[in-house]
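Worksheet: one structure, shown below.
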Amino acid sequence: MTFNDNKYGVLSSLTRTWFFRRVEDGGGILHYAGPIDLNNSATSPSILKAFVGILLLAESNSFHSSPTTDVTPRTRLFSSIGQTDLAGRQKAVKKAGHYLAPIQGQAYRCLDLDPRLCDFQRSTAWHTPRGFTVMTNLLHAKPADDFGVICKAVDISQNPTAVASLETESRVYLALRHLQGRCIPKVHGYFTVWGMLRLLALEDVGKAIPNGPISPSLHWKMKAALSLIHNAGYIHGDIERRNFCIRGGDVFMIDLEFSRQTQDRKRVENERTAVDML
């Protein structure tokens with residue numbers, strides 16, 4: 001339930017399964033449907049159909065109230081108080097490489113990220129052709145050090161092509177690590193969550209440049225950011241206004257999933273021309 005704002009959940013003993021729904025503005029009421037006997041194929045759906053049907057069940061009248069009063073489960077995130085919670089938080093952050101994106105060979109090491117460290121802001125999520133992007137607060141070893149990132153996420157089980165694409169993008173960020181924080185976002189980690197999601201946690205570099213006229217000074221900064229990537233032997237691969245972000249007076253380029261190393265000067269010049277046309 002952590003990943004869907006505690007709206008829907010599943011409890012299963014592998015033979016019987018219950019589905020849960022939290023009632024909005026219901027004073028913490030938790031509704032449930034079930035149990036569904038997954039071993040009785042004559043009268044029950046397969047586990048796949050049961051999970052696919054969860055949203056339909058959530059809107060049906062088959063849910064019943066439980067005595068739960070907590071709107072948000074207390075274990076959703078690590079608490080900011082209590083020695084046990086803080087010790088667990090510190091251990092989980094250490095396992096996540098302290099968000100320093102450790103390197104193994106020619107790639108970022110993919111580490112397990114405890115879901116209790118991730119406060120996903122679901123209302124900010126937007127879908128991409130391969131997955132989705134969501135603003136996330138990452139809990140640090142000390143509560144005062146918690147910080148926000150932008151997570152690019154893909155479903156490991158459903159989209160192996162997207163996983164490969166994210167892996168490729170992470171390698172581009174690594175190859176351009178000398179530009180991180182200068183014209184591209186800093187990488188805070190490459191993670192697996194629940195064994196289901198692959199995440200690339202990136203520095204928040206502000207908002208995309210809005211529609212409308214672009215001043216000469218801003219245009220120059222956009223071309224300067226792109227030139228740094230070109231000088232490193234790469235093209236960006238997707239020159240669109242949405243991929244230029246501005247934070248304060250600095251311009252950053254995001255979404256490097258189509259970036260590739262190249263010596264083709266024509267492709268480099270085409271990108272520079274594309275910036276002039278934005």
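The values are calculated or read from the model by the stated rules, or taken from the named source; none is laboratory data. Given the structure is predicted, the values throughout are model-derived calculations rather than measurements. Cβ placement follows ideal geometry from the backbone for every residue including glycine, while neighbour counts extend to all protein chains displayed.
Listed here are the residues, each with its yes/no results for (1) touching an Asp or Glu at 6+ places or on another chain (Cβ under 7 Å); (2) surrounded by 15 or more Cβ atoms within 10 Å (Cβ to Cβ); (3) of a type in the set (Gly, Ala, Ser).
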position	(1), (2), (3)
Tyr190	no, yes, no
Leu197	yes, yes, no
Glu203	no, yes, no
Lys207	no, no, no
Gly249	no, no, yes
Arg260	no, no, no
Met277	no, no, no
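If you go through the range 162-194 and keep only what is within 17 Å of the chain's Cα centre (by Cα) and polar (S, T, N, Q), you end up with Ser165, Thr168, Ser170, Thr192.
If the condition is being over 11 Å from Tyr108 (Cβ atoms) and touching a Leu at 6+ places or on another chain (Cβ under 7 Å), then the range 173-185 contributes Leu179, Arg182, Cys183, Ile184, Pro185. Cβ-Cβ distances below 9 Å connect the following pairs, each with a first residue in the range 90-106 that is in the same structural domain as Ala175 (by TED's automatic domain parsing) and buried (at least 18 other Cβ atoms within 10 Å of the Cβ), a second residue that is part of a helix (DSSP H, G or I) and modelled with pLDDT under 95, and a separation of six or more residues or different chains: Ala92/Arg116; Ala92/Leu117; Val93/Leu117; Ala96/Leu117. Only strands (runs of 3 or more DSSP E) whose full extent lies in the range 105-188 are considered here, and the ones with at least 1 residues that are within 21 Å of Ile246 (Cβ to Cβ), in contact with a strand residue (DSSP E or B) (Cβ under 9 Å, 6 or more places away or on another chain) and at pLDDT 95 or above are 147-155. Residue selection: Phe191 fails the criterion of being under 23 Å from Phe132 (Cα atoms), modelled with pLDDT of 95 or more and not assigned by TED's automatic domain parsing to the domain that holds Lys95. Taken together, the residues in the range 208-240 that are among the basic types (Lys, Arg) and either assigned to a strand (DSSP E or B) or under 23 Å from Leu166 (Cβ atoms) (or both) amount to 0.
Listed conditions (1) in the same structural domain as Gln104 (by TED's automatic domain parsing); (2) crowded, with 19+ Cβ neighbours inside 10 Å; (3) without any contact (Cβ under 8 Å) to a residue 60 or more places away in the chain are all met by His127, apart from (2).
Considering (1) modelled with pLDDT of 95 or more; (2) assigned to a loop (DSSP other than H, G, I, E, B), the lone condition that Cys245 does not fulfil carries the number (2).
Would you confirm whether any residue within the range 52-75 is charged (D, E, K, R) and modelled with pLDDT of 65 or more? No, every residue in the range 52-75 fails to be charged (D, E, K, R) and modelled with pLDDT of 65 or more. Return a yes/no flag: does the range 172-181 have any residue that is touching a residue at least 12 places away in the same chain (Cβ under 8 Å) and among the charged types (D, E, K, R). No, there is no match, as no residue in the range 172-181 is touching a residue at least 12 places away in the same chain (Cβ under 8 Å) and among the charged types (D, E, K, R). Does Tyr234 fit the bill of being more than 30 Å from Asp146 (Cβ to Cβ) and touching a residue at least 24 places away in the same chain (Cβ under 8 Å)? Spelling it out, Tyr234 is indeed more than 30 Å from Asp146 (Cβ to Cβ) and touching a residue at least 24 places away in the same chain (Cβ under 8 Å).
Considering the range 256-275 alone, what residues qualify as being of a type in the set (Asp, Glu) and either outside the structural domain of Ile235 (by TED's automatic domain parsing) or in contact with a Lys or Arg (Cβ under 8 Å, 6 or more places away or on another chain) (or both)? The answer is Glu257, and nothing else. Determine whether Arg242 is of a type in the set (Lys, Arg), assigned by TED's automatic domain parsing to the domain that holds His127 and surrounded by fewer than 15 Cβ atoms within 10 Å (Cβ to Cβ). Here the answer is no, as Arg242 does not meet what is asked.
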